[in-house]
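The values are calculated or read from the model by the stated rules, or taken from the named source; none is laboratory data. This is a predicted model, so every value here is computed, not measured. With ideal geometry, Cβ positions are generated from the backbone for all residues, glycine too; neighbour counts draw on all protein chains shown. For the accessible areas, the whole protein counts, side chains as well, though only heavy atoms, and no ligand, DNA or RNA atoms are used. Shrake-Rupley method; radii C 1.70, N 1.55, O 1.52, S 1.80 Å.
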Amino acid sequence: MTEFSPFSAVIGQPFMQRALVGGLLTGALGGLLGSFAVLRQLSFFSDALGHSALLGISLGILLGLNPTLVLIPFAVLFALLVNLLVQRSQLPTDALLNIVYSTSLAFAVVALSLVTTYKGGIQQLLFGDILGISWLDLALIAVLLMAAVAYLLVSLRAQVLVTLHADLAGAFGVGSQWHRIAFILLLAVVVAVSIKAVGVLLISAFVVIPACASRLVSRRFGTYLVLSSVIGGGCAVLGLLGSGLTNLPSGPCVVIVQFFGFLLALLWSLRGRPQRLRAKPAVTS
């Protein structure tokens, strides 16, 4: 019984219980949205949203408002603006997004340097502090997760067509542009909510790594979606437990666990590849 006492002490803390539930919900949500973002090549877009979130937080602090309440509408407006720039600009998408997130990060650092009354630390903004999550945060994440699942289930056929081939989706009468904007807005809200869990610098990995790991081992689209959510939520819980037991930062611990999960998925996919190659019939003349 004594060897389990540190684990029991960590689990018994109310803030740790809230953090585990929040990590599970946020990780599952990030994995679900990340599975579509990876296939639609929006991984860098989520990175730009994450870096711009620091500017939203800085504006909230300067205006004397709750940064969390400011962050969500800021992320939505920023996502719409960036989407418009990507469509109207003749520049490559990755170059434009690099300009946007670097500039917003520069403005955020300047804004934070002007703040003298903020009681939080820059480390919590950059790397997250999910241990400080509240019941209100949990309720918001749960509602967002249910809304995301409901939207994706109702529009699953359209989402698959838009993901695989946008022009083909239009031929089937699917409004690909509308679904693209709706998904970008949903991704922006998820990124804004997840900032508290892993911070500004790690949010892109939080969304992308579970989806990439799932893609390596999945053969069906439905399995890919479910497994992305499972990996995201499971790695978040394991990372938070490791953070509580070792007294290390929670956000980096979660991303490190996700990375090891990705390595396991990569090894598993490579393990099966030689068997498939040997099973291929030889070509005879």
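Couple of notes before you dig in:
- Among the conditions (1) in contact (Cβ under 8 Å) with a residue 40 or more places away in the chain; (2) small (Gly, Ala, Ser); (3) under 30 Å from Gly56 (Cβ atoms), Gly242 misses just one, which is (1).
- Count - residues of segment 101-123 that are modelled with pLDDT under 65 and part of a helix (DSSP H, G or I): 2
- Applying a threshold of 7 Å to beta carbon distances and a minimum spacing of six or more residues, or different chains, the list of pairs starting in segment 256-270 at a residue that is within 14 Å of Ala236 (Cβ to Cβ) and ending at one that is open to solvent by 100 Å² or more (accessible area, probe 1.4 Å) and among the aliphatic types (A, V, I, L, M) reads Val257/Leu238.
- When segment 87-102 is limited to residues that are touching a helix residue (DSSP H, G or I) at 6+ places or on another chain (Cβ under 7 Å) and not hydrophobic (A, V, I, L, M, F, W, C), the one that is nearest to Leu54 (Cα to Cα) turns out to be Tyr101.
- Hits in segment 41-78 (condition: at pLDDT 80 or above and of a type in the set (Asp, Glu)): none
- A single member of Gly34, Gly12 is modelled with pLDDT under 80 and under 26 Å from Ile231 (Cα atoms), and it is Gly12.
- Residues satisfying the stated conditions in segment 21-48, i.e. of a type in the set (A, V, I, L, M, F, W, C), under 21 Å from Leu161 (Cβ atoms) and part of a helix (DSSP H, G or I): Leu32, Leu33, Phe36, Ala37, Val38, Leu39, Phe45
So that you can scan it fast, the table gives a plain yes or no per residue for (1) more than 15 Å from Lys196 (Cα to Cα); (2) surrounded by 24 or more Cβ atoms within 10 Å (Cβ to Cβ); (3) within 18 Å of the chain's Cα centre (by Cα); (4) not aliphatic (A, V, I, L, M):
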residue: Ser43; (1), (2), (3), (4): yes, no, yes, yes
residue: Gly50; (1), (2), (3), (4): no, yes, yes, yes
residue: Leu59; (1), (2), (3), (4): yes, no, no, no
residue: Leu63; (1), (2), (3), (4): yes, no, no, no
residue: Pro67; (1), (2), (3), (4): no, no, no, yes
residue: Val70; (1), (2), (3), (4): no, no, no, no
residue: Phe74; (1), (2), (3), (4): yes, no, yes, yes
residue: Phe78; (1), (2), (3), (4): yes, no, yes, yes
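- Elements of type helices (runs of 4 or more DSSP H) contained in segment 143-214, each with 1 or more residues being at pLDDT 85 or above and in contact with a helix residue (DSSP H, G or I) (Cβ under 6 Å, 6 or more places away or on another chain): 176-198
- Close pairs from segment 196-217: first of a type in the set (S, T, N, Q), partner open to solvent by 20 Å² or more (accessible area, probe 1.4 Å), Cβ under 7 Å, at least 6 apart: Ser204/Ser43; Ser204/Asp47; Ser214/Leu227; Ser214/Ile231
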